[in-house]
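Report on the structure given below.
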Amino acid sequence: MKSVEYLREIREADGLKNAVLVKIEAAGDIITFRLHTDCMYTDADVEHACAVTARYMPAGYKADVRVMKSVPNADAVKAYLLDKLKNMYPAVAAFVSPEDVAVEAGKGGGSFVIGTASARVSEETADALCRETARNFCGSWTGEFRTVKKDLGEIVPAETVEEYVMKARFFPVTEYAAIDGAAPKEALYLADLNGEVKGVTVCGAVTYLEERATKAGKPFFMITISDGTGQVRASYFTRKTTIEKVRTVKQGDYICLTGDNELYNGSLSFRARGIDFGRPPQDFVPVMRPSRPVPAQYKAVFPVSAVEYVQAELFTNEQYPAAFENAEFVVFDLETTGLSNSNPDHMDKIIEIGAVKLSGGKISEKFSSFVACPVKLSDEIIGITGITDDMLRGAPDIKDVIADFYKFAHGCILVGHNVQFDYKFIRYYGEKEGFLFDQRQYDTIPFAQELLRLNNYKLNTVADHFGFTFNHHRAYDDAFVTAKIFKELVRIKGGLPK
């Protein structure tokens, strides 16, 4: 549906001139449109809305238009502004507390003033917050930032916590045959080859092998091996006594590489000093490492209460199955530097994590944070997400954010839109810090495909179907709307997905 054109026509009625579309529901061949207005409206206004809606209906469906008067509540708008500010402009939000926000709300919209101790905030920031507010509350909104003096208090150093050290795992080398004669007895799991280490042996099947030559003409090999837990790309400079034997190695052979995992140009690189034939045991099954304990407290990201603004008071009679209300879910979304989430050698970075917790069938908590990024963001990622390098400056490191997210999600079922894409990222970065995300997961894409008839099942398409507006390609906003979609799908189905 072309929601902008639809609302423009709806607002031609005097009683609906500030109306917003808060929800669309489908049940059989009846589609219900729920409109909010802050003006007194008449039966003629409702008839106008019904006539407009009928023109936008697909063939074979009937429209049920329901109009409700709702004057924006200053406290709800204030909470919404603080929430949006933290998500969109965290550097500014750090200097804003609830008492710094003043809201005047009434018929036809309202205004807000936000005091901040940071440097002068641009007019574009205020305008963006006005637009976001107008998308969720009736009427027109104006706003501004004012610089105020604040006592920032004494900075208390964080409590030091002992570093957690993961125990490395090894497996015995079998079917050994010498080339260089390193004679290793055991090999390190490739999944555990995460830092600098010297004199270590790794073992696996050759997945890539290429002979090259240095500028001086000396031959060397680039080799990639995999042991089922991970893979490593290594360089090997030959010896005259063994070069012909190394040339007999082919893709699919099992070999052992003995050498050093070193930092080179800022990245870890494995330099093999010896190659021999050898393999994991025939019945090798990787031993699962037990997860690191749940952190006792949050360190960098502190969850806060979350409320479904606007809709929280409208649909209090919605019924959900007991299996849904008795479980806890964490609905999450990530923004990343790219799409690579399967190759440990080329893993893209997480730059934002957003999540909400569903408890008792209601959205109860939010978790949201930028993540420090060691690489410059591409123009494509900046264009898609709106996140810039400046916005990530001063953000917490992934090791702290992933630990806090593990605590937030512990004991909960994970939910996402194309959940496996994001799950691979948190699984990878979690395991690097010793946290094993092994929860059950639900994906809203196949769930929506089971229950809805849409042209496609992208997040914005499914959100439009239900009348949900949101700031797409920002982690918390995507997670929040995914949670609302998940609730709607559970309600329609009358149960959880398979």
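The values are calculated or read from the model by the stated rules, or taken from the named source; none is laboratory data. Because the structure is a prediction, the values reported are computed rather than measured. Here Cβ is always computed from backbone atoms with ideal geometry, including for glycine, and neighbour counts include all displayed protein chains. When the accessible area is computed, the model is the full protein with side chains, heavy atoms only, and any ligands, DNA or RNA have been set aside. Shrake-Rupley method; radii C 1.70, N 1.55, O 1.52, S 1.80 Å.
The long axis of helix 475-493 is offset from the longest Cα principal axis of the chain by roughly 70 degrees. With r defined as the distance between the Cβ atoms of Leu268 and Glu12 and R0 fixed at 56 Å, what FRET efficiency is calculated, to the nearest 0.05? Plugging the Cβ-Cβ distance into 1/(1 + (r/R0)^6) gives 0.35. Each helix, a run of at least 4 DSSP H residues, gives -39500 (n - 2.57); summed and divided by the residues of the chain, these come to -7500 deg cm²/dmol at 222 nm. Rolling a 1.4 Å probe over the protein heavy atoms of the chain, with every protein chain left in place, gives an accessible area that is 51 percent carbon and sulfur. Excluding same-chain neighbours fewer than eight residues apart, the lysines reachable from Lys299 by a Cα-Cα span under 19 Å are Lys86, Lys357, Lys366, Lys399, Lys407, Lys432.
Protein heavy-atom accessible surface, 1.4 Å probe, per residue over the chain: 51 Å². Applying D = kT/(6 pi eta Rh) to the chain, where Rh is the Kirkwood radius over alpha-carbon pairs, T corresponds to 25 °C and eta to 0.890 mPa s, the Stokes-Einstein value obtained is 94 µm²/s.
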